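Worksheet: one structure, shown below.
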Amino acid sequence: MTSSASRSTRQRRPIRRDHAPAPRPGPSGSGYWALSMRPLHMLAFLAPLVVLYELGSIRYLTTSEAGERQTILAERLLGEFFELFGAVGLMLPGAALLTVLLIWHVLLGDRWRIRPGVLGGMALESFAWTMPLLVLAAVHSGAAERVAAAAAPDPAAGLASLEWQARLTIAIGAGLYEEMLFRLVLIALLHTVFADLLRFGQGIAAALAVAGAAVAFGLYHDTTLPTGGTDWPKLLFLTAAGGYLGAVYILRGFGIVAGTHAVYDIMVLVLLPSG
């Protein structure tokens, strides 16, 4: 009886599960790499850009006669999506973005501590990630000149008549809302389809989601030649840029990729405008 009781006691010992912790979105830790991908620092990094865009759009993108505001197409599409659920408002996409980050932070239970050094590092890193995009744009520009004499107009050409403040506002809005639409929303939706519905592995599902969002990003922009047809060099450049931004998003999170996109557009539309 003693031996049998001992075996029974041993069999009823609880099984340790320390090797299988609950998954948490984003890397854990207190270093720059981890904190820059946590929602609180994304919120603190992007909130000034949202405010600048909203104020700039009121001041520089709104016609005083009709009171109509020029908006980023991606922002308009996000607004129309929210309207399906009865939510209406000009500033709704920006407010939704900040609210999602705030709720995400609360759900994670992270500390309410913002490190200014992390925010500065995110700004510098956004500039660094912009450099390959500028190189890719230069390669595209040279290829377009060689491939077609009637190339599509420069992306900044239609905005050249606007004040630099208006161009700055558009650049910031594109960084925020195009990344929100194509990376934060579309990659998540495509990953759900490929991973959960089609049962692809996580790595393959992520790669397909990034690629699908990149193609959608290229098609989203106007790539029509003045003479008709498609400007294929431009479409390929935009698709490649979308793939690059998707890789940055997967590797470094939404805050960095939105900052990278905004910095690139600021350089193209404001600092390095085509003559």
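Here are some notes:
- Amide proton proximity set for Thr224, modelled H, under 5 Å, gap of 5+: Asp231
- Backbone phi angles across the stretch 220-226, fed through the Karplus curve with coefficients 6.51, -1.76 and 1.60 (θ = phi - 60°), yield HN-Hα couplings of 5, 7, 7, 10, 8, 6, x Hz in residue order; Gly and Pro are listed as x.
- Averaged over residues, the count of other Cβ atoms within 10 Å places the peptides 184-192, 243-251 in the sequence 243-251, 184-192, highest first.
- Here the Karplus relation 6.51 cos²θ - 1.76 cosθ + 1.60, evaluated at θ = phi - 60°, turns the backbone of the stretch 257-270 into coupling constants of 5, 5, x, 4, 4, 5, 4, 4, 5, 5, 5, 6, 8, 10 Hz, with x for every Gly and Pro.
- Take every pair of alpha-carbon atoms less than 8 Å apart whose residues are at least six positions apart; their mean separation over the length of the stretch 187-275 yields a relative contact order of 21 percent.
- Taking amide H atoms as placed 1.01 Å from N in the peptide plane, the amide H of Thr62 lies under 5 Å from those of Gln70, each 5 or more residues away in sequence or on another chain.
- Packing-based order for 100-111, 254-265, 122-133, using average beta carbon neighbours within 10 Å, highest first: 254-265, 122-133, 100-111
- Rg(Cα) / (2.2 N^0.38 Å) computed for the stretch 29-271, rounded to two decimals: 1.04
- Remark: relative contact order (the stretch 29-271) = 30 percent; criterion is Cα-Cα distance under 8 angstrom and separation of 6 or more residues.
Read the figures in this text as sums done on the coordinates, not as results from a lab. All figures in this text were calculated on a predicted structure; none of them were measured in a lab. A quick note on method: Cβ atoms are made from the backbone with ideal geometry, for glycine too, and the neighbour counts reach across all protein chains shown.
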